[in-house]
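What follows is a set of notes on a single structure, which appears directly below.
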Amino acid sequence: MAAPQTGRVTVEEGIVFGSGGGRDLRCDVYMPPQPGADRPGVLLIHGGGWVRGDRTQLRGYGILLGRLGYVCVATEYRLSGESKWPAQLHDVKAALRWMRANAGRLGIDPDKIAVSGNSAGGHLSLMMAGTQNMPAFEGSGGNAGISTSVAACIAFYAPVRLAELYARFEDGFLPALFAPDATPETHAGASPDRYAPNYPPVLLITGNKDELVSYRESMHMYNALIEAGARAELHLYEGAPHAFDALPDI
């Protein structure tokens, strides 16, 4: 890993990257202390069960990675109370297209953009990586026709088998993600493991005391990727609960 740069990370807040549901969609950009070109970029996607949360949740990641020379973009997306699936995937893909379209201004190498997300954001990160450049998942929101490929994917404690999870829970965050008339095929189509052959290198991170999303979700995804011939790593932390990376003592 690169050594931290001296100076402060610059944060540009509230930049409009596209539109969805008749409104502007915004992101925050974290620029490394030192100017540069052809740097790696990271799209950061927040969690919150698809029903809450915002782009400021991953500010710590943006600053930490910015100090190491990564240009980070923390994106918002329409939550399930505003729009149903697949609006969330469409919005984060629009953010990625914006990053690539503005790679020169941001000093990013367009071929070195990774996506990273936590919890529901981890699910969206995996879906982005698995469905890159698939027309059925691209949506609109600006910069149409620009590639949505990613160089790597990082998913923290991500739900994976949405079809099985939906069948198990009649209320809560997951059913709220889908329209009332959504079919089992729709649920299955939102499950990242279905797209295992299409993935770039993937890093899966979870804890074995996660009370919200079982560590078995990440294990299942890891096995699906390896069986498909994709490159993957699974980091399983003993005693770590959900969102353990936000705890000061871990």
Which number in (1) closer than 24 Å to G229 by Cβ; (2) within 16 Å of the chain's Cα centre (by Cα); (3) of a type in the set (G, A, S) marks the one condition that G189 misses? (2)
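Just to be sure before I move on: is R59 touching a strand residue (DSSP E or B) at 6+ places or on another chain (Cβ under 8 Å), at negative phi and at pLDDT 95 or above in the structure I sent? Don't jump to the end; show me each part of the working.
Working: touching a strand residue (DSSP E or B) at 6+ places or on another chain (Cβ under 8 Å): yes; at negative phi: yes; at pLDDT 95 or above: yes.
So R59 passes the test.
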Write out, first by first residue and then by second, each pair whose Cβ atoms fall under 6 Å of each other, whose residues are 6+ apart or on separate chains, and whose first residue, in the stretch 167-185, is under 16 Å from S80 (Cβ atoms) while the second is loosely packed, with under 15 Cβ neighbours inside 10 Å and at pLDDT 95 or above. none
Which residue pairs have Cβ atoms closer than 6 Å, lie 6 or more positions apart in sequence or on different chains, and pair a first residue in the stretch 228-246 that is in contact (Cβ under 8 Å) with a residue 60 or more places away in the chain and within 14 Å of E217 (Cβ to Cβ) with a second residue that is buried (at least 17 other Cβ atoms within 10 Å of the Cβ) and among the hydroxyl-bearing types (S, T, Y)? H242/Y157
Any helices (runs of 4 or more DSSP H) falling wholly within the stretch 161-250 and containing at least 3 residues that are at pLDDT below 95 and open to solvent by less than 90 Å² (accessible area, probe 1.4 Å): 162-168, 173-177, 184-189
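Restricting the search to the stretch 6-36, which residues are assigned to a loop (DSSP other than H, G, I, E, B) and either β-branched (V, I, T) or touching a helix residue (DSSP H, G or I) at 6+ places or on another chain (Cβ under 6 Å) (or both)? Before you say what the answer is, go through the steps one by one.
Step one: filter the stretch 6-36 for residues assigned to a loop (DSSP other than H, G, I, E, B), giving 6-9, 21-22, 32-36.
Matches in the stretch 6-36: T6, V9, P32.
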Based on what the data block shows, is A151 in contact with an Asp or Glu (Cβ under 7 Å, 6 or more places away or on another chain), surrounded by fewer than 19 Cβ atoms within 10 Å (Cβ to Cβ) and at pLDDT 95 or above? yes
Leading residue by the ranking (farthest from G122 (Cα to Cα)) among those in the stretch 9-42 that are open to solvent by 50 Å² or more (accessible area, probe 1.4 Å) and of a type in the set (D, E): D38
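Okay, residues lined up against (1) over 19 Å from E138 (Cβ atoms); (2) in contact with a Phe, Trp or Tyr (Cβ under 7 Å, 6 or more places away or on another chain):
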{"residue": "Y157", "(1), (2)": "yes, no"}
{"residue": "L162", "(1), (2)": "yes, no"}
{"residue": "L174", "(1), (2)": "yes, yes"}
{"residue": "P184", "(1), (2)": "yes, no"}
{"residue": "Y199", "(1), (2)": "no, no"}
{"residue": "L204", "(1), (2)": "yes, yes"}
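The values are calculated or read from the model by the stated rules, or taken from the named source; none is laboratory data. Bear in mind the structure is a predicted one, so any value in this text is a computation, not a measurement. A quick note on method: Cβ atoms are made from the backbone with ideal geometry, for glycine too, and the neighbour counts reach across all protein chains shown. These area figures cover heavy atoms from the full protein model, side chains too; ligands, DNA and RNA do not enter into them. Shrake-Rupley method; radii C 1.70, N 1.55, O 1.52, S 1.80 Å.
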